[in-house]
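The values are calculated or read from the model by the stated rules, or taken from the named source; none is laboratory data. Note that the structure is predicted; figures quoted are calculated from it, not measured. Backbone-built Cβ (ideal geometry, glycine too); neighbour counts: all protein chains shown. Surface areas here come from the heavy atoms of the whole protein model, side chains and all, with no ligands, DNA or RNA. Shrake-Rupley method; radii C 1.70, N 1.55, O 1.52, S 1.80 Å.
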Amino acid sequence: KSLTAESLVMSINRRRSRLAGRLHSLRGVAATELALVLPLFAMLVLASIEACSMVFLNHSLSIASYEAVRVAINFDSTNTDVQNRFDLLINARDVEGAALAISTPNVATVPRGTPISLTATAPCDANALLPPWFFGGRTLSVTTTMVKE
């Protein structure tokens, strides 16, 4: 069977139209998948960012609390010295709304061998990179205890 130029062009056009139909349906499937997956992916990325900022906040509170209690256990320290050390570290890490609670009213009068506890707290809302979402309304708290020297 011999092919003429006209029959060859018709054959190519039929194949091209079938291929174009398949490509069009594949584009529709891809667009649907993107519409379903993109919001989930965006939420996952935003949740990861917020979780990382809360890990940073917790770590900042731990470091500041540890350094402040190191000052508190010295024999010649005062509550003002402890608070100043805590504030210095918290401000260096740009933590908003942090507070420090000392277990004793005056660290200078605590006898040697007595444990001193410091509790550092900070609100998650004020320290989130994104608007309050998962950690909204929560407060992180870290307690560090050491023995007076």
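Among the residues that make up region 117-133, is at least one of them open to solvent by 50 Å² or more (accessible area, probe 1.4 Å) and touching a strand residue (DSSP E or B) at 6+ places or on another chain (Cβ under 8 Å)?
The answer is no, given that none of the residues of region 117-133 is open to solvent by 50 Å² or more (accessible area, probe 1.4 Å) and touching a strand residue (DSSP E or B) at 6+ places or on another chain (Cβ under 8 Å).
Across region 101-149, which residue is farthest from I90 (Cα to Cα) among those that are touching a residue at least 60 places away in the same chain (Cβ under 8 Å) and of a type in the set (D, E, K, R)?
So the residue we want is E149.
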